[in-house]
Amino acid sequence: MNNFVYETPTRVYFGKDEERKVGEIVAAYEPKKVLIHYGGKSAKASGLLDRVKTSLDAASVSYVELGGVVANPELKLVREGIALCQKEGVDFVLAVGGGSVLDSSKAIANGVANPDVDVWDFSLGKAVPEKTLRKGCILTLAAAGSEMSNSCVITNSETGEKRGYGCRANRMDFAIENPELTYTVSPYQTACGAVDIAMHTIERYFCPGSDTYLTDSIAEAVIKSVMKAGKDCLSDPENYEARANMMWASSLAHNGLTQCGREFQLTVHQFEHEVSGMYPEVAHGAGLAAIWCSWARYVYKDNISRWLQYAHNVWNLDIDFEHPEQTIEKAINLQEEYYASIGMPTNLRDLGVKDADLEKLALDCSRNKSRTLFGGLDYEKILEIYTMALNA
């Protein structure tokens, strides 16, 4: 087991009606003014935004609003949010929404607190936020895990780049998680969420490391729980226990718990970020499902024992020690069948990705052939995986 530092500074308020306490929760930070940041019309139509403002009013918390966050949150709205906060004297950001809203809020908080740095430089790795604003969130979608993660992913629509970065400044001070707020999430987005949550831990599971059987057991439980909860949510959208387990898994899968003692890189996420950066209409979870099985078939022979453990402990397969590769291939096939069963794509062509764009995707993913991902995946190998995923 490798040395590690595990930190989860985010305070979680979990359960029914917890969002009604947001006024008193925010007031405890003694903000001068709050930015309420949200996405589209659903926050308004559901009445959630009104409940939030009523709670803030009751706690005598002053606020301004900025909506308009889209999937794959855009740099231009982040810049608009920074300007608004500077104009209004905002010192606290409250995100009301899913991962895109949360990431946009993180970027705004970092940009306001570091006015001498171009906020996009954080995404490009040219700078690290030295400070940030206080921030919290009311989660409405179980998927990205941004409510407890140290990551922030932003898209520059002018260049087609989608870039993520991790640092302590990206941690939320608190997260309010009421599973009932996810009842109205569409079946497609529910399925995308199930993929994304599980993938945060599946990818950690295959990062380099050894003798991490406690971390492995936690990871396996998270993966299996998410896949079950995803199915249950699709069959009964108002199944509170299923929504609750999926929401809690979202937080645990991406807060660092399931990587303790192992190295860390979300390799398949790197592949997908380029796809949804080039094709903004592609939902992140759908892109992950379209790529993962091809990646798995390409890399599993480099770590047969680890993949056999995954096949046995996650998919309950008996190991054929005479033909171990057949056991692994069966596990990958079962995961592919699971994706199809919840309405997720299993190849990039179904998402509209074109053959002509594969080389550009591989160039961007390899940072113009200067970066190699875990497993020795350089430009040529990345291109092979993209090609496999297109034609799967």
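The values are calculated or read from the model by the stated rules, or taken from the named source; none is laboratory data. Just so we're clear, the structure is a prediction, and the values are computed from it rather than from any experiment. In this analysis, Cβ positions are derived from the backbone assuming ideal geometry, glycine residues included, and neighbour counts consider all displayed protein chains. Surface accessibility is based on the protein's heavy atoms, side chains included, excluding ligands, DNA and RNA. Shrake-Rupley method; radii C 1.70, N 1.55, O 1.52, S 1.80 Å.
Summary of packing: across the peptides 187-193, 274-280, the per-residue average of other C-beta atoms within 10 Å ranks them, highest first, as 187-193, 274-280. For the stretch 30-156, the convex hull drawn through the C-alpha positions has a volume of 97 cubic angstrom per residue. Which of the lysines could a cross-linker span from K32 if the Cα-Cα distance has to be under 16 Å and same-chain partners fewer than 8 positions apart are dropped? Answer for K32, where 16 Å is the Cα cut-off: K53, K87, K135, listed by chain and number. Working note: Karplus 6.51/-1.76/1.60 with θ = phi - 60° gives the stretch 211-218 the couplings 6, 10, 5, 5, 4, 4, 5, 5 Hz, where Gly and Pro are set to x. Straight Cα distances below 24 angstrom link K360 to the lysines K76, K126, K162, K369, K381, with same-chain residues fewer than 8 positions distant left out. The amide H of I176, built 1.01 Å from its N in the peptide plane, has Y13, C137, I138, L139 as neighbours under 5 Å, considering only residues 5 or more places off or on other chains.
Per-residue 3J(HN,Hα) values for the stretch 42-47, derived from phi via the Karplus relation 6.51 cos²θ - 1.76 cosθ + 1.60 with θ = phi - 60°, read 5, 4, 7, 4, 6, x Hz in sequence order (x marks Gly and Pro).
Placing +1 on the Cβ of every Lys and Arg and -1 on the Cβ of every Asp and Glu, with nothing else charged, gives the chain a dipole about its Cα centre of roughly 880 debye.
Only one of [x] 18.2; [y] 22.7; [z] 20.4 was calculated from the structure for mean projected area of the Cα convex hull in nm², and its label is [x].
Amide H contacts of D320 (H built 1.01 Å from N, in plane; Pro and chain starts excluded): T327 sit under 5 Å, all sequence-distant by 5 or more or on other chains.
Could you tell me what percent of the accessible area of the stretch 307-392 is made up of carbon and sulfur, with a 1.4 Å probe and every protein chain present?
It is 47 percent, rounded to a whole number.
Have a look at the DSSP beta bridges in the chain and tell me what percent are antiparallel, nearest 5. About 25 percent, rounded to the nearest 5.
How much accessible area per residue does the chain have, in Å², with a 1.4 Å probe?
That works out to 42 Å² for each residue.
Here's how it looks for E161: its modeled amide H is under 5 Å from those of N156, which are all 5 or more places away or on a different chain. Cβ-Cβ distance of N316 and E30, R₀ of 41 Å, FRET efficiency by 1/(1 + (r/R0)^6): the value works out to about 0.20. Report summary: the helix-based calculation at 222 nm, which adds -39500 (n - 2.57) for every DSSP H run with n ≥ 4 and divides by the residues of the chain, gives -15500 deg cm²/dmol. Here, the stretch 308-392 is characterised by an Rg to Rh ratio of 1.07, where Rg is the alpha-carbon radius of gyration and Rh the Kirkwood radius.
If you plug the beta carbon distance of E281 and E7 into 1/(1 + (r/R0)^6) with R0 = 41 Å, you get a FRET efficiency near 0.70. Couplings 3J(HN,Hα) for the stretch 220-231, derived from phi with the Karplus relation 6.51 cos²θ - 1.76 cosθ + 1.60 (θ = phi - 60°), are 4, 5, 4, 4, 5, 5, 5, 5, 5, 4, x, 4 Hz, where x marks Gly and Pro. What a 1.4 Å probe finds exposed on the stretch 49-204 is 48% carbon and sulfur by accessible area, rounded to a whole percent.
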